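Beneath this line is the structure, given in structure tokens, with notes to follow.
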Amino acid sequence: MKTFDWVKQILSGGQTGLALFSPIVARDQNPLVRLAVGGGAIAGLLGAALVGASALVALALAMAAIYFLATQVLGLRVNVDPVAIYQTMQRQANAYGAN
């Protein structure tokens, strides 16, 4: 196997690599067009993933700010007992019976 055989495999019309991200219309085009279309699709997916990840971080920061304001500014106390939550869930699950 040669060093750059994977490049030929990606740029070929097969079902591997960037060919999976390019539409059928672009598969008959030259390798540069296939690379541009496949790269654009991957860039779009990565951009969407980046937007989703940043939204998740923003949500976590907003939840932390609300928790800080509720506990430090308003003086609310939050007591969470995981054992009590688990026991409540077990009682509710037993009420439904076996699956």
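Computed quantities for the displayed model
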quantity	calculated
Selected residue [modelled with pLDDT of 95 or more and not basic (Lys, Arg)] from 35, 18, 76, 56	56
Subset tally (residues that are of a type in the set (Val, Ile, Thr) and touching a Ser or Thr at 6+ places or on another chain (Cβ under 6 Å)) for region 33-77	1
Residue within region 50-59 that is under 30 Å from residue 8 (Cα atoms) and of a type outside the set (Phe, Trp, Tyr) present	yes
Qualifying position, being without any contact (Cβ under 8 Å) to a residue 60 or more places away in the chain, over 30 Å from residue 20 (Cβ atoms), surrounded by 10 or more Cβ atoms within 10 Å (Cβ to Cβ) and not acidic (Asp, Glu), among 90, 72	90
Residue pairs meeting the criteria (Cβ under 7 Å; at least 6 apart or on separate chains; first assigned to a helix (DSSP H, G or I), in region 41-62; second among the polar types (S, T, N, Q))	41/22
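The values are calculated or read from the model by the stated rules, or taken from the named source; none is laboratory data. The structure presented is a predicted model; accordingly, all values stated were derived computationally and were not measured. Backbone-built Cβ (ideal geometry, glycine too); neighbour counts: all protein chains shown.
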